[in-house]
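The block underneath contains the structure these notes are about, expressed in structure tokens.
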Amino acid sequence: MTRAQGLVLLVEDDPALQVMMRYNLDKLGYRVETASDGEGALALLERARPDVVVLDWMLPGVSGLDVCRAIRANPALRDVPVIMLTARSDEQDTIRGLDTGADDYLVKPCSIEALDARLRALLRRSQASYDVLAFETVRLDPETHRVERAGRLLALGPTEFKLLDLLMRNPRRVFSREDLLKRIWGPNMHVELRTIDVHIRRLRKAMNGPGELDLVRTVRSAGYALDDEVPA
């Protein structure tokens with residue numbers, strides 16, 4: 001019996017294996033797009049955002065590792081889960097794949113049952129990221145991009161929304177400017193540190209009404225945190 005699942009981008013250069021995997025994933029209820037090389041995968045990713053990417057390591061041209069790096073460097077895609085699928089079984093290769101940004105790692109040949117279990121786990125984790133976030137009187141809905149404070153709707157730009165989303169998922173944690181740059185813009189983007197300060201000011205201006213506590217705390221020589229502690 002099939003069940004409704006997410007959209008899977010399957011990137012596999014072996015034609016026979018690609019056909020077999022697509023057939024089995026279709027039977028399980030997944031919607032499947034396929035690519036046979038890295039360039040094709042990147043082109044598909046520009047047109048549609050999949051729920052999970054199943055990515056072969058050894059691809060002609062652009063490697064699976066390079067595709068994974070491109071996904072993690074793209075602000076619109078960096079949260080898409082990636083399963084690296086490869087014939088490499090060496091532990092160091094596993095570590096390298098995970099360090100590149102893969103969420104999981106399967107060694108070929110693997111059973112469709114094992115792949116299905118990994119896909120379902122990642123989809124559950126990804127779906128959980130759409131839960132409405134709340135801190136003090138602020139509510140943020142990641143799916144609708146709606147943000148409210150004390151019942152009033154806040155008008156946030158895309159970058160301010162991403163900053164607030166990150167801070168609300170990690171309340172009271174202090175993020176350095178460097179860390180915020182990497183998480184919001186990606187590790188390969190060259191952005192001035194003071195850009196963070198500009199967006200934090202915009203976030204504060206949008207969030208704080210008359211008489212309301214500034215929830216974005218500046219930690220001198222450290223960075224920023226979302227905190228409801230009243231400054232001394």
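Read-outs throughout are calculated quantities, based only on the coordinates presented, and are distinct from any laboratory measurement. Every value quoted in this text rests on a predicted model; they were computed, and no experiment measured them. No Cβ is skipped: glycine too gets one built from the backbone with ideal geometry, and neighbour counts run over all protein chains shown.
Details
- Spin-label model, ARG172/THR195: points 7 Å from Cα along the beta carbon direction are separated by 3.2 nm.
- Placing dummy labels 7 Å off each Cα toward the beta-carbon, the span from ASP131 to LYS108 is 3.7 nm.
- In straight-distance terms, cross-link reach from LYS108 covers every one of the lysines whose alpha-carbon lies under 22 Å from its own, apart from those fewer than eight places away in the same chain; here that gives LYS27.
- Antiparallel bridges, percent of DSSP beta bridges restricted to the chain (to nearest 5): 45
- Rounded Å value of the spacing that divides the Cα centres of region 134-160 and region 195-227: 14
- Close amide H partners of ARG173, meaning residues 5 or more places away or on another chain with modelled amide H under 5 Å apart, are LEU226.
- Here is the list for region 142-232: GluC sites (Glu not before Pro) lying in DSSP coil, each with at most 14 other C-beta atoms within 10 angstrom of its C-beta, are GLU143, GLU192, GLU212, GLU229.
- Ranked list, fewest to most other Cβ atoms within 10 Å of each Cβ, for SER111, SER63: SER111, SER63
- Within the chain, the proportion of C-alpha pairs whose separation exceeds 21 Å stands at 61%.
- In this entry, region 7-128 is assigned a mean projected area of 6.8 nm², taken as a quarter of its C-alpha convex hull surface.
- Evaluated at q = 0.14, 0.24 Å⁻¹, the base-10 log of the normalised Debye intensity for region 133-226, with identical point scatterers placed on the Cα atoms, takes the values -0.47, -1.39.
- Distance between the pseudo-spin-label points of ASP26 and ALA48 (7 Å out from Cα toward the beta carbon): 1.4 nm.
- Taking trypsin sites (Lys or Arg not before Pro) as exposed when their DSSP state is a loop state and no more than 10 other Cβ atoms lie within 10 Å, the longest site-free interval of the chain runs over 4-219.
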